[in-house]
Amino acid sequence: MSNDFELLLSFDPTGLHDAAKAWRALSNGAQSADNRHRNQVNGPLRHSNWEGEDAKLAFTTLGRTEQILEIVHVESAAVALTLDTVANRISQAQTNLKNAVHRAEEWGLTVGSDGIVNLPPLSKGEQNDPDARSDPERKALATLRGDAQDRINKALADAKEANDQGDRALGRLDADILTRPRVFGSTAETATDVKDVAKDLGLADPYVPDNKDPQKSADWWKSLTPEQQSSYLALYPDKVGGLDGLPATVRDEANRLALDQELDGLQAGNARGSGMTADEYNTREQNLMKLKEQLDQHDSAAEDKQLFLLGFDAKAYNGDGKTVIAMGNPDTADHTAVLVPGTGTTIDSTHGNLARVNDMQEAAKQASKGTNQKVSVIYWLGYDTPEIPVVQAPNLSVGWTARAEDGAEALRQFTQGTRVAQGDHHSHLSVFSHSYGTTLVGAAAAGGNGLGADDIVAIASPGMTVQRADQLHIDPSHFWTGRAADDSIEYAAGLTLGDDPMIDRFGGNNFLVDTSGHSGYWDGGESLANQGRIIVNAQPTTVPKVHTNAPSVRDH
Amino acid sequence: MGDLKVDPGEIYKSAGVARAIGEDFAKPCQAVVTASQTAVSQLTGWSVAARLGQVAGGWAPVLSGVGDRLKKTADNLTATAQAYTNNEHANVEVWHKQKIGEAWEKPGQ
């Protein structure tokens with residue numbers, strides 16, 4: 001900076017703020033273009049059965065376009081953040097400078113155009129008076145002069161620092177990220193750029209609620225301006241996407257970006273130095289690829305078939321991963337069901353569980369035919385499911401309630417967050433679970449203030465950590481359970497995980513199951529139709545509770 | 001070559017949307033360049049402004065390229081849909097022109 005003092009005095013932040021606004025608009029424009037491209041260009045073509053060599057080339061091009069738009073979305077948001085930060089800091093330095101000058105002048109000092117503070121000149125008489133310079137008043141003024149100079153120098157230094165930081169940060173955000181020839185790594189680099197820019201600017205980690213109170217998270221999100229919200233979505237997607245209580249559309253947008261960044265980073269790198277073995281690395285990469293494929297396949301789907309990625313963490317539970325996906329928007333649905341899977345479920349099982357979610361939604365639509373009611377079904381893999389003992393013989397966690405107890409709070413918070421995100425729109429909420437998932441739902445419903453669900457459904461349950469339905473914080477008339485006649489889970493029920501929910505002493509209702517085996521409940525028939533009825537708050541076909549004289553598991 | 005299955009109507013529709021996205025996207029791209037240049041001219045002497053000028057200058061052709069990409073995508077999709085439609089019409093014409101009759105029929109009947 002030449003003549004820093006005058007430069008700072010004349011600084012006008014308007015240009016930088018206007019430029020920041022334009023870059024932010026570009027970021028939003030890129031995000032909007034990406035969404036439209038996915039849902040109205042690429043998605044419909046994927047669904048149109050267009051195949052052949054031309055289709056392959058076209059889809060590669062379309063996918064790359066979306067990647068480019070995603071990169072523009074993040075990089076331009078980072079430019080906007082930089083410009084606003086620099087403009088604000090230099091403005092603050094300018095205010096401090098003006099205050100210092102004003103103060104100096106009040107003290108009777110003068111400030112030169114170079115920013116040097118001077119004592120008032122001695123009068124002609126004083127110039128010839130040797131005592132005048134050592135006059136106590138003039139000495140005090142000299143001290144004030146030093147103070148004023150320090151303030152001015154500090155303001156100039158702050159402005160210079162802000163300028164230099166902005167210069168350095170902007171240097172990271174040039175268009176090279178797209179012009180450098182490479183297949184993978186650009187999307188991942190956007191996340192690195194954001195971290196580096198924040199470091200360059202000396203920004204503290206952005207405030208994000210601790211995700212322990214969905215209402216608090218929702219209030220925080222609503223308190224942000226639209227500009228702040230779009231910045232958070234572009235710059236900190238991994239922090240925003242997992243917050244229970246935020247709108248499903250917001251979480252979906254954030255999580256999709258975070259997924260693309262993480263997957264691209266894995267595709268660009270390798271296991272060396274990652275802290276993972278080659279197998280672990282490949283598994284994580286494959287899992288994220290499959291998750292992305294699932295999401296891509298539903299782009300442009302009808303409104304009720306659209307997927308909302310409400311959470312994912314490929315690293316969780318030693319790489320088994322967690323994922324939460326809604327089919328249909330739960331914030332606006334008339335009926336929302338949550339499906340909690342059981343033993344051996346990992347992020348790799350997403351495809352099969354989304355098929356179940358789809359079947360449940362179709363059954364619900366059938367049960368509410370003619371009403372035009374909207375149904376959302378959420379696949380919730382938010383806990384560390386027990387491994388199948390056959391695969392990992394020493395791991396018998398499926399026989400104990402620890403995994404269920406560990407995951408209970410997360411499920412409670414999730415259902416609470418679903419309610420918070422729905423706001424005044426109170427959707428009929430049912431929580432379904434299968435196998436060991438029923439144990440987790442039991443632990444979650446029994447603890448704290450329960451799940452806040454209107455109905456709880458336990459399918460093929462080995463036990464729900466409790467003895468009776470009335471311990472689940474729900475009217476037992478809204479508790480439903482079912483088990484296939486040939487489901488061998490019957491032999492585990494009532495042993496170590498709580499009493500068998502099918503028996504009369506447990507309470508609640510047993511619904512008719514006419515399918516076979518431990519995993520056939522979504523094959524159709526009354527098993528699935530009854531799930532659909534419960535989802536839409538209709539009466540399922542029931543069967544009598546099983547009478548037993550066996551003692552409760554608690555009495556063993 | 002794999003199976004050829006296609007709905008030209010769907011391709012036409014996607015082409016139209018791609019073109020519209022490109023046109024809409026051009027506006028914020030142009031605005032960013034203009035606003036950045038204005039800031040640069042207002043803040044002579046500040047190196048951060050000079051850097052902004054460089055960054056915006058670097059992005060300008062890239063952003064313009066994104067617009068071109070979307071336009072070319074629309075052009076290619078339109079051409080593809082047209083080719084499929086033409087091909088189908090040509091195939092129908094072949095079957096109309098050269099009717100295949102039973103062995104006892106006279107040619108042309």
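Applying the selection to segment B:81-94, what residues are more than 15 Å from B:Val17 (Cα to Cα) and either within 13 Å of chain A (Cβ to nearest Cβ) or touching an Asp or Glu at 6+ places or on another chain (Cβ under 9 Å) (or both)?
Residues satisfying the conditions are B:Gln82, B:Ala83, B:Tyr84, B:Asn87.
Which of (1) at pLDDT 95 or above; (2) farther than 20 Å from A:Ile535 by Cβ; (3) over 23 Å from the mean Cα position of the chain (by Cα) is the odd one out, the single condition A:Ala393 does not satisfy?
Every condition holds for A:Ala393 apart from (1).
How many of the residues making up segment B:38-54 are in contact (Cβ under 8 Å) with a residue 12 or more places away in the chain, surrounded by fewer than 24 Cβ atoms within 10 Å (Cβ to Cβ) and under 24 Å from A:Glu70 (Cα atoms)?
1
Considering only segment A:30-57, state which residues are surrounded by 21 or more Cβ atoms within 10 Å (Cβ to Cβ), within 10 Å of another protein chain (Cβ to nearest Cβ) and under 21 Å from B:Asp68 (Cβ atoms).
Residues satisfying the conditions are A:Ala30, A:Ala33, A:Asp34, A:His37, A:Val41, A:Asn42, A:Leu45.
Of all helices (runs of 4 or more DSSP H) completely enclosed by segment A:171-231, which ones contain at least 2 residues that are more than 14 Å from every other protein chain (Cβ to nearest Cβ) and buried (at least 16 other Cβ atoms within 10 Å of the Cβ)?
A:186-200, A:214-223
Scan segment A:58-82 residue by residue and report those that are touching a residue at least 40 places away in the same chain (Cβ under 8 Å) and more than 8 Å from every other protein chain (Cβ to nearest Cβ).
A:Gln67, A:Glu70, A:Ile71, A:His73, A:Val74, A:Glu75, A:Ala77, A:Ala78, A:Ala80, A:Leu81, A:Thr82, listed by residue number.
Among the residues of segment B:47-65, are any of a type in the set (D, E, K, R) and within 7 Å of another protein chain (Cβ to nearest Cβ)?
Yes: segment B:47-65 contains one or more residues that are of a type in the set (D, E, K, R) and within 7 Å of another protein chain (Cβ to nearest Cβ).
Would segment A:83-98 turn up any residue that is within 26 Å of B:Ala60 (Cα to Cα), of a type in the set (Ser, Thr, Tyr) and surrounded by fewer than 21 Cβ atoms within 10 Å (Cβ to Cβ)?
No, segment A:83-98 contains no residue that is within 26 Å of B:Ala60 (Cα to Cα), of a type in the set (Ser, Thr, Tyr) and surrounded by fewer than 21 Cβ atoms within 10 Å (Cβ to Cβ).
Suppose we filter segment A:73-115 for residues that are more than 30 Å from A:Gln261 (Cβ to Cβ) and assigned to a helix (DSSP H, G or I); how many remain?
Selection size over segment A:73-115: 17.
State which residue is farthest from the chain's Cα centre (by Cα) when the search covers only segment A:509-518 and only residues that are farther than 24 Å from A:Asp475 by Cβ and of a type outside the set (Gly, Ala, Ser).
The selected residue is A:Asp514.
Any chance segment B:18-30 includes a residue that's within 8 Å of another protein chain (Cβ to nearest Cβ), small (Gly, Ala, Ser) and in contact with a His (Cβ under 9 Å, 6 or more places away or on another chain)?
yes
What are the residues in segment A:7-29 that are facing another protein chain (nearest Cβ under 8 Å) and among the polar types (S, T, N, Q), if any?
Within segment A:7-29, A:Thr14, A:Asn28 meet the criteria.
List the residue pairs whose Cβ atoms are under 6 Å apart, where the first residue sits in segment B:64-83 and is in contact (Cβ under 8 Å) with a residue 24 or more places away in the chain, the second is among the basic types (Lys, Arg) and part of a helix (DSSP H, G or I), and the two are 6 or more positions apart or on different chains.
B:Ala74/B:Arg19
Scan segment A:401-445 residue by residue and report those that are out of contact with any Lys or Arg (no Cβ under 9 Å at 6 or more places or on another chain), in a helix (DSSP H, G or I) and among the hydroxyl-bearing types (Ser, Thr, Tyr).
A:Thr415, A:Thr418, A:Thr438
Can you tell me how many residues within segment A:471-501 are assigned to a loop (DSSP other than H, G, I, E, B), touching a residue at least 40 places away in the same chain (Cβ under 8 Å) and buried (at least 22 other Cβ atoms within 10 Å of the Cβ)?
6
Of all residues in segment A:446-470, how many are assigned to a helix (DSSP H, G or I), farther than 25 Å from A:Gly520 by Cα and touching a Gly at 6+ places or on another chain (Cβ under 8 Å)?
Matching residues across segment A:446-470 total 1.
Looking at (1) hydroxyl-bearing (Ser, Thr, Tyr); (2) more than 29 Å from A:Ala529 (Cβ to Cβ); (3) modelled with pLDDT of 90 or more, which one does A:Thr336 not meet, given that it meets all the others?
Here A:Thr336 clears every test but (2).
Please determine whether any residue of segment A:11-31 is closer than 22 Å to B:Ile11 by Cβ and assigned to a helix (DSSP H, G or I).
No: segment A:11-31 contains no residue that is closer than 22 Å to B:Ile11 by Cβ and assigned to a helix (DSSP H, G or I).
Can you find a residue in segment A:86-99 that is without any contact (Cβ under 8 Å) to a residue 40 or more places away in the chain and more than 30 Å from B:Ser47 (Cβ to Cβ)?
So far as segment A:86-99 goes, no, none of its residues is without any contact (Cβ under 8 Å) to a residue 40 or more places away in the chain and more than 30 Å from B:Ser47 (Cβ to Cβ).
Out of segment A:159-170, which residues are in contact (Cβ under 8 Å) with a residue 60 or more places away in the chain and either within 7 Å of chain B (Cβ to nearest Cβ) or surrounded by 20 or more Cβ atoms within 10 Å (Cβ to Cβ) (or both)?
A:Ala159, A:Ala162, A:Asn163, A:Gln165, A:Gly166, A:Ala169, A:Leu170
Determine whether A:Thr541 is free of Cβ contacts under 8 Å to residues at least 60 places away in the same chain, surrounded by 19 or more Cβ atoms within 10 Å (Cβ to Cβ) and not acidic (Asp, Glu).
No; evaluated as a whole, the condition is false for this residue.
Would you mind finding the one in A:Ala404, A:Ala421, A:Ala410 that is surrounded by fewer than 21 Cβ atoms within 10 Å (Cβ to Cβ) and either at pLDDT below 90 or out of contact with any helix residue (DSSP H, G or I) (no Cβ under 6 Å at 6 or more places or on another chain) (or both)?
Going through A:Ala404, A:Ala421, A:Ala410 in turn, just one is surrounded by fewer than 21 Cβ atoms within 10 Å (Cβ to Cβ) and either at pLDDT below 90 or out of contact with any helix residue (DSSP H, G or I) (no Cβ under 6 Å at 6 or more places or on another chain) (or both): A:Ala410.
Matching residues to (1) within 37 Å of the chain's Cα centre (by Cα); (2) more than 18 Å from A:Ala367 (Cα to Cα):
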{"residue": "A:Val457", "(1), (2)": "yes, no"}
{"residue": "A:Ala460", "(1), (2)": "yes, yes"}
{"residue": "A:Gln467", "(1), (2)": "yes, yes"}
{"residue": "A:Phe479", "(1), (2)": "yes, yes"}
{"residue": "A:Met502", "(1), (2)": "no, yes"}
{"residue": "A:Gly507", "(1), (2)": "no, yes"}
{"residue": "A:Gly520", "(1), (2)": "yes, yes"}
{"residue": "A:Asp523", "(1), (2)": "yes, no"}
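The values are calculated or read from the model by the stated rules, or taken from the named source; none is laboratory data. None of the values given here were measured: they were computed from a predicted structure. Using ideal geometry, Cβ is built from the backbone for each residue, glycine included, and neighbour counts are taken over all protein chains shown.
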